[in-house]
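The values are calculated or read from the model by the stated rules, or taken from the named source; none is laboratory data. A quick note: this is a predicted structure, and the numbers were derived from the prediction, not measured. FYI the Cβ positions are ideal-geometry reconstructions off the backbone, even for glycines, and counts take in every protein chain you see. Protein only, heavy atoms only, side chains kept; ligands, DNA and RNA dropped before computing areas. Shrake-Rupley method; radii C 1.70, N 1.55, O 1.52, S 1.80 Å.
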Amino acid sequence: MLLAIHGLGGDRGSMRAYLEGAVPPGVQVLAPDLRAHGANPLVGEPDDFALEALAAEVADELVRVGDGSPVTIVGVSLGAAIAASIARSGRFPLDRVALVRPAFTDVALPDHLGVFPVIGRLLGERRPARAWEELQRTGAWRAIAHESLAHANALELQLTQPLAAERRIRLIEAPRNAAYRPGELRIPAPTVVLASPRDPIHPLHVAEAWRDELGCRMLVSPPRDAGEEAMYAWFRQQLGSFLVGIR
């Protein structure tokens, strides 16, 4: 079975950009919507967005649908942090783990995730169109745009997707989590880190830190600003190679 975990503000459908055509035929895929994402109606309180709480909810879903066979996990961004938490929990036998564009680190609310609480605050104060205009005036957004306009402009979806304002707590609380403590990030299965250059929200140095902590391979995609489809095609190709042989 393949467990696919999306990123902050995404949904299960967003995993298609990474996995379409990459999953071997016949493999069962579980791609849940995290709390306050996609079709998941749960919102809740700040504590519900602790990484351990989010990981426990995903793991409980895996228990419900799994058959006890080894699990392969692919997690993107926030999903990578949740994937690592599940992989380290010992609840499931593991086949392999792919951590894509990790963003969370060993500290709470690192600078590169600071834009998300800003978006959450604006969603509580403005209508989406006004909030987007206001966001582009902030130093947090301008710093991202200075490095990558493609990544900066992609943040508009965080403001305009359905129920964005009602679910803004996810943007405020989730980034406050540290993903691991130095020296304690161990995954008992073959693992790969897939990263992107010139990605100010998922910086290369964060992926390098995950690689060094895990002692695993890291591969780097073309930059998003050079063509979004080329970037996603690269991820699909690399994941397709990594997932060969899973059942």
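Details
- Taken over segment 151-182, residues that are under 17 Å from ALA103 (Cα atoms) and assigned to a helix (DSSP H, G or I) amount to 11.
- Here SER85 fulfils each of the conditions (1) more than 17 Å from the chain's Cα centre (by Cα); (2) more than 12 Å from ILE201 (Cα to Cα); (3) among the polar types (S, T, N, Q) apart from (1).
- Contacts under 9 angstrom Cβ, first residue in segment 108-120 being without any contact (Cβ under 8 Å) to a residue 24 or more places away in the chain, partner open to solvent by 10 Å² or more (accessible area, probe 1.4 Å) and among the hydroxyl-bearing types (Ser, Thr, Tyr), 6 or more apart: VAL118/THR138
- Restricting segment 68-91 to residues that are out of contact with any Pro (no Cβ under 9 Å at 6 or more places or on another chain) and either open to solvent by 40 Å² or more (accessible area, probe 1.4 Å) or among the hydroxyl-bearing types (Ser, Thr, Tyr) (or both) leaves a set whose member that is nearest to PRO190 (Cα to Cα) is THR72.
- Among the residues making up segment 183-225, those that are of a type in the set (Asp, Glu), at pLDDT 95 or above and within 22 Å of ARG96 (Cα to Cα) are GLU208, ASP212, GLU213.
- Test: residue in segment 202-212 that is surrounded by 18 or more Cβ atoms within 10 Å (Cβ to Cβ), without any contact (Cβ under 8 Å) to a residue 60 or more places away in the chain and among the basic types (Lys, Arg): yes
- Out of LEU94, LEU109, one residue alone is closer than 15 Å to ALA50 by Cα, in contact with a helix residue (DSSP H, G or I) (Cβ under 9 Å, 6 or more places away or on another chain) and open to solvent by 10 Å² or more (accessible area, probe 1.4 Å). It is LEU109.
- Against the test of being farther than 22 Å from ARG64 by Cα, at pLDDT 95 or above and not hydroxyl-bearing (Ser, Thr, Tyr), the options ALA83, ALA143 yield a single qualifying residue, ALA143.
Residue by residue, here is whether (1) crowded, with 17+ Cβ neighbours inside 10 Å; (2) within 22 Å of ASP47 (Cα to Cα); (3) of a type outside the set (A, V, I, L, M, F, W, C) holds:
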residue	(1), (2), (3)
THR105	yes, yes, yes
LEU113	yes, yes, no
ARG130	no, no, yes
GLN158	yes, yes, yes
ARG170	yes, yes, yes
PRO188	no, no, yes
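- The single condition from (1) surrounded by 14 or more Cβ atoms within 10 Å (Cβ to Cβ); (2) closer than 22 Å to HIS205 by Cβ; (3) among the β-branched types (Val, Ile, Thr) that THR138 fails is (2).
- Pairs with Cβ under 7 Å, 6+ apart, first in segment 38-49 and charged (D, E, K, R) and at pLDDT 95 or above, second open to solvent by less than 90 Å² (accessible area, probe 1.4 Å) and assigned to a helix (DSSP H, G or I): ASP47/ALA53
- Single condition ALA165 does not satisfy, out of (1) surrounded by fewer than 19 Cβ atoms within 10 Å (Cβ to Cβ); (2) touching a helix residue (DSSP H, G or I) at 6+ places or on another chain (Cβ under 6 Å); (3) of a type in the set (A, V, I, L, M, F, W, C); (4) in contact (Cβ under 8 Å) with a residue 60 or more places away in the chain: (4)
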